[in-house]
Amino acid sequence: MSWVSKLVVAAVALGAANAAGAHPLDALSAPEIEAAVGLLRSAGHLPDGGKIVSLSLEENDKAEVRAWTPGKPYARRAFAVLLDKGKVGEARLDLSAGKVTSFTPVLDRQAAVTIDEFLAAGEIVKANADWRAAMAKRGITDFKNVECFPLSVGPSVAPAFRGRRLLNVACAETSGTDNNWWGKPIENVLATVDAANGEVLQLLDLGVLPLPAQTPSHKHERSERSRPQPKPVQIAAPQGNNIAVSDNVVRWDKWSFHVRLEPRLGAVLSLVRFGDAAAPRDIAYQLSASEMFVPYMDPAPTWSFRAYMDIGEYGFGMLSTPLRPGVDCPASGVLLDATIADLKGRPVGMKGVVCVFERATGDPVWRHDEVFNNTYEARPGVELVVRTAPVVGNYDYMLDYVFGRAGDIDVRLGAYGIDATKGVASQAIDAATGAADTAYGTLVAPRLLAVNHDHYMAFRLDLDVDGTANRLVEDRIVPRRLSTEGARRSLWQVERRPVETEGPITTPLNAAQFRVESATRRNAMGYPTSYQLLPGHTATSILAPDDPIQARAGFSAYTLWATPFAADEKYAAGNYPNQNPEPDGLPKWTQAKRGIDRQDLVLWYVVGFRHVPRAEDWPAMPGLWHGFRLRPFNFFDGNPALDVPPVAP
Ligand SMILES: [Cu+2]
């Protein structure tokens, strides 16, 4: 079974069980998808051969949704990205009124790569005489064990190919492999195809290189198997879990939020509130990923374009994989399904693609053992995790939103999967030969290089701290000289200043702390209530700003951005990054220098890390996690977890 058909099979046909959403933020249901497709067809926006790249909920006005209560009526709207003969169009639909409200051709932009293009890419090149000749030069004449990977081409398109819908196709030899297809790249051969008409436009062949000899596998049977079977250690909820999910609203401990899976963004958490059920307090209207930029660092013409925008060019929702209980998600977790539209607009179900689980952290949420009066108080740490696992080619990402008992929210990105590999001549690092073909990565097997690269994941954090009237405040840590002599000569103080205009935050994150304050509410001591952003270990892009791949992903040049709320600003690199040569998204929007003070503002946090591969990453990499925290700061009047019941003795 080809890898792509495995993708399609993951989507099981849906019963009629899935009625229209019961919450204004619910993803489109199967009947709604069918209704939308019917409207698009009858309006002539989905001709034969036309494709649905994505069909998703168009959210109602934020104010309306914030004020919504169960039972209140609400309109349902949809947004469709359509593709016909390589041309992109956008349609907006009012499902409640049963009509298409607008159709807009999208000029000079390309929509995300579609599943069928994944499928067709290999067949297109295998039918091409030049490609077959290049294979023959390598002794490959039987293509049944040749698999090809359709790669987005990046922002720089040759003038001759402008306006075409392009894919670069690289292939690998997979005979003898059981699960790892990244060990025998057929290096130096790259076909550029027109994905709309199935034509090979260009074939690059930089010369024959022998295939790596080793056949990698990450099957247990193929491992050393020297590790004895350990006694089981499990996350369990012996009396059942404390999670309530109804109409996609999750309630746990003092937290509540709505969750849905979007075809492009993946998991979207909305109406994030904390507090007693009677009076939950607003913390965030919406939290979601926004864009993921993955540039590889190899100058060869067959590699230099590899600078993927995994969300805008592929789609985290579409590529979300089922979470397997017991490994991806504890057996005590709650698995949620999702519904998306396939290319033809058929609703397909994705089983178990969101997992909501609680786990004991093994750490106290707070603790003190008082030696002076021999008292001990502590409370166990338990947290709730909302997890999805989109897989984009060789990379498996785990996205976790983690809710703690003390009002913290951790956003965590786990990088898993398999390093992208390049065939090289070097069999091992040897001072003599190592210089040239191992300069841009790490040899992980003879003739196989894992190429250096970065990951920059932008998160959109629409914080609503006690409402929408907010201020972004910089708490600058300022050293102070007290005196030039004496026992104590220096200290630091906090200088608070509001950030009044949108843009990237240029203050180094180790020189200041940032909070989103309520412009209206104060805590018992009179401080504005706020949530603080605690950055994790993160990096920003050091690629040249005029480099087209960097210019297109300008959001990655800074860790933190702030903008005023705008419903149509969801994607940090713009709506259509595929083949887009122009800066878009955050760098473009923020040129307007809009005011954000005492307004509904949105933070954008970029989790960035440089990945220099290592032997231990091969043939499958142990997870590498990065993230950041949002925590209450004078939001409460004291420790919000004081009322956590003590563990029964
Ligand atoms: Cu990586």
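How large is ³J(HN,Hα), in whole Hz, for each residue of segment 73-89 in order, when computed from phi with the Karplus curve 6.51 cos²θ - 1.76 cosθ + 1.60 and θ = phi - 60°, using x for Gly and Pro?
x, 7, 7, 10, 10, 9, 10, 10, 9, 10, 9, 9, 6, x, 9, 9, x
Between the DSSP loop rule and a limit of at most 16 other Cβ atoms within 10 Å, which trypsin sites (Lys or Arg not before Pro) in segment 481-519 are left?
Of the trypsin sites (Lys or Arg not before Pro), the ones in loops of segment 481-519 whose Cβ has at most 16 other Cβ atoms within 10 Å are ARG488, ARG489.
Enumerate the calculated ³J(HN,Hα) couplings along segment 336-341 in order (Karplus 6.51 cos²θ - 1.76 cosθ + 1.60, θ = phi - 60°), each rounded to whole Hz, writing x wherever the residue is Gly or Pro.
Taking θ as phi minus 60°, the curve returns 10, 8, 9, 10, 10, 8 Hz for segment 336-341.
How large a share of the accessible area of segment 115-220, in percent, is made up of carbon and sulfur atoms when the probe is 1.4 Å and the other protein chains stay in place? The partial results should precede the final answer.
Working: 2300 of 4410 Å².
That share works out to 52 percent.
On the accessible surface of segment 247-633, probed at 1.4 Å, how many percent belong to carbon and sulfur atoms?
52 percent
Under Stokes-Einstein, with the Kirkwood radius over Cα pairs standing in for Rh, what whole-number D in µm²/s applies to the chain at 37 °C and 0.692 mPa s?
Details: Rh = 26.6 Å.
Estimated via Stokes-Einstein, D reaches 124 µm²/s.
Using 28 Å as the Cα-Cα cut-off, could you pick out the over-long pairs in LYS99/LYS593; LYS137/LYS344; LYS85/LYS126; LYS87/LYS570?
LYS99/LYS593; LYS137/LYS344
Treat each spin label as a single point 7 Å out from the Cα along the C-beta direction, and report the GLN591 to SER246 distance in nm.
In this crude label model, GLN591 to SER246 measures out at 5.0 nm.
Multiplying the sequence separation of LEU119 and GLN202 by 0.36 nm and subtracting their Cα-Cα distance, what value in nm do you get? Please report the intermediate quantities before stating the final value.
Values: separation 83, 0.36 × 83 = 29.88 nm, distance 1.93 nm.
Extra length available between LEU119 and GLN202 comes to 27.9 nm.
List every residue whose amide H lies under 5 Å from the amide H of THR529, counting only residues 5 or more places away in sequence or on a different chain, with H placed 1.01 Å from N in the peptide plane.
The answer is SER518, ARG521, ARG522, ASN523.
Keeping every protein chain present and rolling a 1.4 Å probe, give me the accessible area per residue for segment 128-239 in Å². If you can, show how the numbers build up before the last one.
Working: 6210 Å² over 112 residues.
I get 55 Å² per residue for this part.
What is the set of long-range amide H partners of THR501 at a cut-off below 5 Å, with H atoms built 1.01 Å from backbone N?
The list, which skips near neighbours in sequence, is ILE596.
What is the packing order of peptides 111-118, 139-146, 409-416, 260-267, taking the mean over residues of other C-beta atoms within 10 Å and listing the highest first? Walk me through the numbers on the way to the answer.
Numbers: 111-118: 21.5, 139-146: 12.8, 409-416: 19.9, 260-267: 24.8.
Descending mean neighbour count gives 260-267, 111-118, 409-416, 139-146.
With a 1.4 Å probe and every protein chain kept in, tell me what percent of the accessible surface of segment 23-85 is carbon plus sulfur.
Reported share for carbon and sulfur atoms: 56 percent.
Quick one: which residues, 5 or more positions from ARG405 or on another chain, have an amide H under 5 Å from its amide H? H modelled 1.01 Å from N in the peptide plane, none for Pro or chain starts.
Answer set, sorted by chain and number: VAL382.
With a point put 7 Å past each Cα toward its Cβ, work out how far TYR376 is from ASP546 in nm, to one decimal.
With each label placed 7 Å out from Cα toward Cβ, I get 6.6 nm.
Counting heavy atoms of the protein chains only and a 1.4 Å probe, report the per residue accessible area for segment 340-382 as a whole number of Å².
54 Å²
Count neighbours as other Cβ atoms within 10 Å of each site's Cβ, and list the GluC sites (Glu not before Pro) in segment 174-236 that are DSSP loop with at most 10 such neighbours. Mind showing how you got there, number by number?
On the way: sites: GLU187, GLU199, GLU221, GLU224; in loops: GLU187, GLU224.
Counting only loop positions with at most 10 other Cβ atoms within 10 Å, the GluC sites (Glu not before Pro) in segment 174-236 are GLU224.
Through the Karplus equation 6.51 cos²θ - 1.76 cosθ + 1.60, θ set to phi - 60°, convert the phi angles of segment 30-44 into ³J(HN,Hα) values in whole Hz; use x for Gly and Pro.
The phi angles translate into 4, x, 5, 4, 4, 4, 4, 5, x, 5, 5, 4, 5, 8, x Hz.
The values are calculated or read from the model by the stated rules, or taken from the named source; none is laboratory data. Quick caveat: nothing in here was measured; it's all calculated off a predicted structure. Cβ atoms come from the backbone with ideal geometry, glycine included; neighbour counts cover every protein chain shown. Note: areas computed on protein heavy atoms with side chains; ligands, DNA, RNA excluded. Shrake-Rupley method; radii C 1.70, N 1.55, O 1.52, S 1.80 Å.
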